[in-house]
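Trainee: Below: one structure in structure tokens.
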Amino acid sequence: MIGYIYKLYYTLEPTTAYIGSTTGCLCCRLKQHKSASKHYQNRKLYKSIHELGANNFNIELIETFKYDNI
């Protein structure tokens, strides 16, 4: 199976980023982060997405990796 390492960043300040991983598509993961920002604002990432505007965040592939699903 294939997984993805990604960078989620604020487009106006791309040097500050969150690094994450997923086994799903990146566009789906971005939607999940944006949705979670409406409900979990006690978390720093989601608070930033909520305050700065979800449409101001992008996701970028850093690397793909293979893994075994046990």
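The values are calculated or read from the model by the stated rules, or taken from the named source; none is laboratory data. Just so we're clear, the structure is a prediction, and the values are computed from it rather than from any experiment. Neighbour counts run over all protein chains shown; Cβ positions are idealised from the backbone, glycine included. Ligands, DNA and RNA are excluded from the accessible area calculation, which covers all protein heavy atoms including side chains. Shrake-Rupley method; radii C 1.70, N 1.55, O 1.52, S 1.80 Å.
Trainee: Excluding ligands, DNA and RNA, what is the solvent-accessible area per residue of the chain at a probe of 1.4 Å, expressed in Å²? Display every interim value, and only then the final one.
Mentor: Working: 5090 Å² over 70 residues.
Spelled out: the 1.4 Å probe surface of the chain, per residue, equals 73 Å².
Trainee: Please report how many Lys pairs in the chain have alpha carbons closer than 24 angstrom, counting only residues at least 8 apart along the chain or sitting on separate chains.
Mentor: 12
Trainee: Report relative contact order for the stretch 23-62 in percent, whole number only (criteria: Cα-Cα under 8 Å, sequence separation at least 6).
Mentor: Details: 25 pairs, mean separation 15.7, N = 40.
Answer for the stretch 23-62 is 39 percent.
Trainee: For the chain, what's the relative contact order in percent, using C-alpha pairs closer than 8 Å and at least 6 residues apart?
Mentor: Computed over the chain, the figure is 46 percent.
Trainee: Under 12 Å from a label point 7 Å along Cα→Cβ of residue 12: give me every residue in the stretch 46-70 with its amide N that close.
Mentor: Of the residues in the stretch 46-70, 51-57 have backbone N under 12 Å from the label point off residue 12.
Trainee: Which Cα, out of 36, 25, 5, lies furthest along the positive dipole direction of the chain (beta carbon charges, K/R +1, D/E -1)?
Mentor: Result: 36, furthest along the dipole toward the positive end.
Trainee: To the nearest 20 debye, what charge dipole does the chain have about its Cα centre, counting +1 at the Cβ of each Lys and Arg and -1 at the Cβ of each Asp and Glu?
Mentor: 260 debye
Trainee: Turning to a different aspect of this structure: Of all the accessible heavy-atom surface of the chain, with the other protein chains kept in place and a 1.4 Å probe, what percent is carbon and sulfur?
Mentor: Details: 2540 of 5090 Å².
On the chain, the fraction of accessible area on carbon and sulfur atoms equals 50 percent.
Trainee: Ok, one more. Using only Cα atoms, tell me the angle between helix 26-36 and the longest principal axis of the chain; keep it within 0 to 90° and round to the nearest 10.
Mentor: Orientation of helix 26-36: about 40 degrees from the principal axis.
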